[in-house]
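Just so it is clear, none of the values below were taken in a lab; they were calculated from the coordinates. None of the values given here were measured: they were computed from a predicted structure. We place every Cβ from the backbone using ideal geometry, glycine too, and count neighbours over all the protein chains shown.
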Amino acid sequence: MAQARTAAGPIEALTHTVSGAVRAATRKVRVIVVLSVILIGGSFASAAVIQMRLDHARALDQAAFLETKRAQEIATDFSATLDRYVALGTAFATATGTAETSAALSEAGGAALKNIAILSQGGQLQFEMKNDPHSFLPLPASAWADARNGRAIVPGDGHSMVIAFTTGGRVVALQLDLTALVQPASMEETVIATRDGELLALGTGWHDVPPIASLANVQGDATTRLVDLPTEHRLVALAPVPRWPASIGASVQTGDALGPWYGSLPLYFFLIFGPAIAGAALAVLFVREFERRARTAEAVKALRATRPDEARMLVRLADAERRAIESERAKTEFMAHMSHELRTPLNAIIGFAEVIECGMFGAAGHPKYVEYARDINAAGRELHGKIGDILDFADMEAGRHPLDVGIVDVAAIARNVIADSAGRAFLRRIKLTVALPDSAMALADGVAVKRILANLLTNALQYTPDNGAVRVQLRKEHEAVVIALRDNGLGFSKAEIEQAGAAFSHFDRPGSTTGTGLGLSISMALARRMHGAVRIQSSQGEGTLAELRLPLPTTH
């Protein structure tokens, strides 16, 4: 009993440990979902890989079956052809050696029969059909032994071969032309070799000469093998030539044999990755929904566990936060929707002031009226510009300022902006120098670029004293087009540079009138939305350098 309790103790401990680990893992939804997706995706991937291997083997087996059948058919025809020449050789050996007999047998042999030699058992030449057979005699010792015992085949010069056999106590050797012996159509992807693998004939479809070991078929059985060559890979089916020590090899490139299998690869990849991607997407949605509900449940549980006064405080804080968010949204929407309501009466004031100033319907009656109309027009235009900046800033804050980003000529835009400001620079005797190329393409919104350059040039002229200088230069860098505006004004202090670009930040200078402080802020916001930037560099008393950087168009 003691031993039983001792043995049961570790088992219970292990069971308790495993069950605890399982319970802990089940509480982590993300871990469970990730493991499930891995297992499901792995199962589909394993099934797809197994099916790919089976289909790959099936494609090769089918190609091997077809090529074996073709090799056997060619081998049977080749054997019949050789047997016909054996009959011609036997007739020549037994007939009287006259010129008429040789001519008749040569005509019967056709273009493939090049010569016949009759040898004694000792190897001495007795007589030949056409000419001296020294080109293929004497036969190698192994071929001579095979010919005396049955039949032999000897490779020739690449275009011919020699078959030898014994009849009537003498050895007959026939030299045959391979190019005339076999049909070119059947030899395109075919190879003929001896049982030892010596090459007799190679089809025109082969790019490389196969090694002897890949063609050897000593056993004389039908077999298939894969042959790897420097420039190609082939499936070769060898079939023995009946009654002859030779083999016919029918071949096909493995790429052609596996063509249907390669066509099915996209389906395999879809079977592997499709369920995994779908499972991962569903897992993400499931985890988000589960965690959202879990957080809600935890919040409700925590709220119920708190005391009534703490619960009321939490409710008030949540209500205050909600009201603050709604108030901010209402303010933004109010500013964004006030464009028509504010600009319409200002346009009317400006228009009527211009009518009075120009005397469109006759003289006003007193010169002061024209002066007052001119003041009303100027004030209205100034107020219109400031309100426009405020409303545009509110639009961008609310995300309602659309941009049409495309390929624009920044150099042409810069010329238009400079032309609009040239009169102001001339009146204040400010030297305005320009260095622009003929064209400079950038990826940006043309209207936004014009507004940014107008703001930067206005600031440069505004903070430059009379008789000063402003230089506008455009250059191309590695990944950007840069428009630089440099003035020799009073510049900015380090503290002012840190505040530059903040909304409603403006810096007073002697002799200059500042606006709402939104021009630079709007310019920086527009540049960021076009994936560019506006950079300000300045030292007090040394002028200011403002740069607009815009991305270059992508090239394909």
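Under the rule a/c < 1.5 gives rounded, and otherwise a/b versus b/c splits prolate from oblate, where does segment 168-221 land using the Cα gyration tensor? The shape class here is oblate. The amide H of VAL470, built 1.01 Å from its N in the peptide plane, has LYS431, LEU432, THR433 as neighbours under 5 Å, considering only residues 5 or more places off or on other chains. Computed about the Cα centre, the dipole magnitude for segment 163-241 is approximately 300 debye when only Lys and Arg (+1) and Asp and Glu (-1) carry charge, each at its Cβ. Each residue of segment 434-441 is assigned a 3J(HN,Hα), and the resulting list reads 10, 9, 10, x, 5, 7, 8, 7 Hz, derived from the Karplus form 6.51 cos²θ - 1.76 cosθ + 1.60 (θ = phi - 60°), x at Gly and Pro. Panel order for ARG84, ARG53, by other beta carbons found within 10 Å of each beta carbon, from fewest to most: ARG53, ARG84.
Each part reduced to its alpha carbon centroid, segment 126-141 and segment 456-490 end up 101 Å apart. Charged side chains reduced to their Cβ positions (Lys and Arg at +1, Asp and Glu at -1) give segment 71-155 a dipole of some 180 debye around its Cα centre. Per the Cα gyration tensor, segment 142-299 maps to an equivalent ellipsoid with semi-axes of 63, 15, 10 Å, ordered largest to smallest.
Summing +1 for each Lys or Arg and -1 for each Asp or Glu among the other residues whose beta-carbon sits under 11 angstrom from that of ASP208 gives -1.
Amide H contacts of SER264: none lie under 5 Å away among residues 5 or more positions distant or on a separate chain (H built 1.01 Å from N in the peptide plane; Pro and chain starts excluded). Rounded, prolate or oblate: which fits segment 416-499, taking a ≥ b ≥ c as square roots of the Cα gyration tensor eigenvalues, rounded meaning a/c under 1.5, else prolate when a/b beats b/c? Since a/c reaches 1.5 but b/c is at least a/b, the shape of segment 416-499 is classed as oblate. Scoring 459-467, 126-134, 447-455 by mean Cβ neighbours within 10 Å over their residues and listing the highest first yields 447-455, 459-467, 126-134. Computed 3J(HN,Hα) for segment 103-114, one whole-Hz value per residue from the Karplus formula 6.51 cos²θ - 1.76 cosθ + 1.60 where θ = phi - 60°, is 5, 5, 5, 5, 5, 5, x, x, 5, 6, 7, 9, glycine and proline marked x.
When you count the other C-beta atoms within 10 angstrom of each residue and take the mean per peptide, 218-227, 245-254 line up highest first as 245-254, 218-227. Contact order, relative form, for segment 89-222: 20 percent (alpha carbon pairs under 8 Å, 6 or more residues apart, mean separation divided by residue count).
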